[in-house]
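Structure first, then comments.
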Amino acid sequence: MESNRTERFWLDGFEGKAAGGFFIRNDLVKTIERLESQGKKVVGVTFDGTWNLELIVQVPTDEEKN
C-alpha cells in the first residue's frame, strides 16, 4: 500500500462537521496489502463496537473473474 494514499470511510447517514486527529497503531495496512496482493480491493470497513473490524472487498465482475 502506498504511504501517500489516503482513503476515508464515513459512517452511513452522517451529516455535520467532523474532525480527525485521533490515531491508533495496528497492522491494518499489512492486512490490506495482503488482500490487494491477492487481487482484492477493500471498499469498506465495518465497525461493530468490538475489537474487530470487518474489511469489505469489491465483488469482481464476470469479466474480472475470467
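None of the figures in this text is laboratory data; all of them are computed from the coordinates on show. Here the structure is a predicted model, which is why all the values come from computation and not from measurement. Glycine also receives a Cβ, built like all others from the backbone with ideal geometry; neighbour counts cover every protein chain displayed.
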Margin query: I'd like to know which of Thr46, Thr31, Gly13 lies farthest towards the positive end of the charge dipole of the chain, counting +1 on Cβ of Lys and Arg and -1 on Cβ of Asp and Glu.
Written below: Thr31
Next item on the list: Quick one: order Phe23, Phe9 by neighbouring beta-carbon count within 10 Å, fewest to most.
Entry: Phe23, Phe9
Next item on the list: Quick one: net charge around Asp27, please, counting Lys, Arg +1 and Asp, Glu -1 for every other residue with C-beta under 15 Å from its C-beta.
Entry: +1
Notebook entry, point to check: How long are the semi-axes of the ellipsoid equivalent to the chain, from square roots of 5 times the Cα gyration tensor eigenvalues, in whole Å, largest first?
Noted result: 24, 16, 13
Next item on the list: Treating only the Cβ atoms of Lys and Arg (+1) and Asp and Glu (-1) as charged, compute the dipole magnitude of the chain about its Cα centre; round to the nearest 20 debye.
Entry: 280 debye
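Is it possible to state the helix-based mean residue ellipticity at 222 nm for the chain, with each DSSP H run of 4+ residues giving -39500 (n - 2.57), the sum divided by total residues, to the nearest 500 deg cm²/dmol? What is it?
Here the helix-only value at 222 nm equals -5500 deg cm²/dmol.
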Check: Near Lys30, which lysines are there with a Cα under 30 Å away, not counting those fewer than 8 places off in the same chain?
Finding: Lys40, Lys41, Lys65
